[in-house]
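Reading through the structure tokens given below for one structure.
The values are calculated or read from the model by the stated rules, or taken from the named source; none is laboratory data. Note that the structure is predicted; figures quoted are calculated from it, not measured. Here the Cβ positions follow ideal geometry from the backbone for every residue, glycine too, while neighbour counts run over all protein chains shown. The area values use the complete protein model at the heavy-atom level, side chains included, leaving out ligands, DNA and RNA. Shrake-Rupley method; radii C 1.70, N 1.55, O 1.52, S 1.80 Å.
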Amino acid sequence: MAPTTPPSPVRRRVGIDRPNGLGVFGANMARPFHRWYPFVEGYSADLVERALIEQTADGTVLDPFGGSGTTALAAAMLGRDSVFAEVNPYMAWVADVKVNQSRRVAAEGTTDELRALADELSGNLPPADENHPLLVADRRRGYFPPGVGEQAVSIHAVIEKVLSGGAREVARLALGSSLVPASNMVRRTDLRKRVASDPAPNSLIATVAERLRNFGQDIDGSARAIKGSVKQIAGDVRDTWTEDPRVSVVVTSPPYLNGTNYCRNTKLELLALGFIASERELMNLRVSMISAGINNVSKRRSQPKIIDCVESVAQQLDQVAYDMRIPTLVRTYFSDMSDALAQVRRYAVDGARMYFDIGDSRYCSIHVPTHTILRQIAEAEGWRFLDEEVLRTRRSYDGSQLTQVLMHFEAV
Ligand SMILES: C[S@@+](CC[C@H](N)C(=O)[O-])C[C@H]1O[C@@H](n2cnc3c(N)ncnc32)[C@H](O)[C@@H]1O
């Protein structure tokens, strides 16, 4: 069995038990660049800023689960370079566009080209390539209202033809972030079909045009505030990294043990922008992800490590679970996270700090104290627990209370 030490006592920070909105993406929607890709699963730039203002030691900032690049962008705005791992190639690219390509457009002086494209979109679009992967998928699944998938493919072709350099990448993100709002789908962590109570889809052309103008405005008004850059050092954080950074601060939020499939929920963007050539390729991405949902449980994965502090919960689930994939998921999630935490420790200098945002879960009426278990696993991997604060409380499917916390560790 992998060794785990008993958990150290929880020291809660006094007086800041529920700092408003720190643990959710909402406030980012009022911030330049952060607003370029609304990401429900993200946290706030304020959370990152607070951590980085607290930790000014020289060295690199790391987010091992980069998502939409909130850590990277907040760090860059504080003049700090950062690195990240991210398994979803679309999300990794979103982070690069927000931090690096926005600065590039400012340096190239091409925001007018974004606005010119916005004006041009209301004219005639060229015919779409009917064999484009997005349209092949749309014909099978009805992702878009009639004609909208074709508009997306045509807009992409126009962007590729008329723009180059940073402007092309920024415009592609204007298209990427407009796809779901203009589709028959909504993203409620996972992507699902709209129902009668959901708002009707937006006009794709109007949404892309509005974003192109907003993005141009952000670049003109605020690009000089981005003083750092960001680099991806791995897809799966557990793989070998392309660089050997001296990490002094980690700010991150790993996948929660709650079922979100972080690649499937961006499938429209992955298909439209050419990151995958068919929905079948989602399967390849899935096996590299931390197993966080029942659909991640696959025979293609290796057996999870047996970890003492996980077994007490997993064995209860063995008794009551209606689906035997549930205890397997719980064991695999913590085994994957143990490997990820060990990998991050390998690249962290002694004394590095880690801010770790995580929530607990409930399966078959059994509480899975994710943060307590991850704290023990982190401690076994060389991370000394310092304190934690409650960011938010939420309700599970059965009405019981779940908690989102920010744990704080030191590399020892
Ligand atoms: C909760 S989200 C991070 C959100 C981020 N803090 C933000 O504000 O945008 C977790 C991310 O971890 C990524 N992920 C899952 N498994 C991974 C792995 N093995 N290596 C690296 N990233 C992974 C997911 O694709 C997802 O984008």
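Being without any contact (Cβ under 8 Å) to a residue 24 or more places away in the chain and crowded, with 22+ Cβ neighbours inside 10 Å narrows it down to one residue among Gly109, Gly176, Gly123, Gly149; which is it?
Gly149
Here are Ser298, Ser291: which of them is outside any helix (DSSP H, G or I) and buried (at least 20 other Cβ atoms within 10 Å of the Cβ)? Walk me through how you get there before you give the answer.
Working: Ser298 fails: buried (at least 20 other Cβ atoms within 10 Å of the Cβ).
On inspection, the qualifying residue turns out to be Ser291.
Restricting attention to segment 52-74, which residues are away from the ligand (no atom under 12 Å from the Cβ) and open to solvent by less than 10 Å² (accessible area, probe 1.4 Å)? Please lay out each step first, then the result.
Start the filter on segment 52-74 by keeping residues that are away from the ligand (no atom under 12 Å from the Cβ), which leaves 52-61.
Residues satisfying the conditions are Leu52, Val61.
Tell me yes or no: at least one residue of segment 192-205 is in a helix (DSSP H, G or I) and not basic (Lys, Arg).
From segment 192-205, those in a helix (DSSP H, G or I) are 204-205; that's our starting set.
Keeping just the survivors that are not basic (Lys, Arg) gives 204-205.
Within segment 192-205, one or more residues are in a helix (DSSP H, G or I) and not basic (Lys, Arg).
If Arg35 satisfies all but one of (1) at pLDDT 95 or above; (2) within 12 Å of the ligand (Cβ to nearest atom); (3) open to solvent by 10 Å² or more (accessible area, probe 1.4 Å), what's the number of the condition it fails?
Of the numbered conditions (1) at pLDDT 95 or above; (2) within 12 Å of the ligand (Cβ to nearest atom); (3) open to solvent by 10 Å² or more (accessible area, probe 1.4 Å), the odd one out for Arg35 is (2).
Tell me whether segment 298-307 contains one or more residues that are within 12 Å of the ligand (Cβ to nearest atom) and within 30 Å of Leu22 (Cβ to Cβ).
No, segment 298-307 has no match at all.
Scanning segment 382-412 for residues that are under 24 Å from the mean Cα position of the chain (by Cα) and in a loop (DSSP other than H, G, I, E, B), which turns out modelled with the highest pLDDT?
Of everything passing the filter in segment 382-412, Ser396 is modelled with the highest pLDDT.
Could you tell me whether segment 161-176 includes any residue that is within 16 Å of the ligand (Cβ to nearest atom), assigned to a helix (DSSP H, G or I) and closer than 22 Å to Asn214 by Cβ? Talk me through it step by step, then tell me what you get.
In the first step, residues of segment 161-176 are kept if they are within 16 Å of the ligand (Cβ to nearest atom); the result is 173, 176.
Retained after the next criterion (residues that are assigned to a helix (DSSP H, G or I)): 173, 176.
If we keep only those that are closer than 22 Å to Asn214 by Cβ too, we end up with 173, 176.
Checking segment 161-176: at least one residue is within 16 Å of the ligand (Cβ to nearest atom), assigned to a helix (DSSP H, G or I) and closer than 22 Å to Asn214 by Cβ.
Within 30 Å of Thr56 (Cβ to Cβ) and hydroxyl-bearing (Ser, Thr, Tyr): does that describe Tyr355?
Working: within 30 Å of Thr56 (Cβ to Cβ): yes; hydroxyl-bearing (Ser, Thr, Tyr): yes.
So Tyr355 fits the description; yes.
I'm trying to understand the selection: among the residues of segment 152-173, which are open to solvent by less than 10 Å² (accessible area, probe 1.4 Å), small (Gly, Ala, Ser) and closer than 18 Å to Val97 by Cα?
Gly166, Ala167, Ala171
Return the only residue of Ala234, Ala272 being out of contact with any strand residue (DSSP E or B) (no Cβ under 9 Å at 6 or more places or on another chain) and either touching a residue at least 60 places away in the same chain (Cβ under 8 Å) or not charged (D, E, K, R) (or both). Can you show your working first?
On the way: Ala234 fails: out of contact with any strand residue (DSSP E or B) (no Cβ under 9 Å at 6 or more places or on another chain).
On inspection, the qualifying residue turns out to be Ala272.
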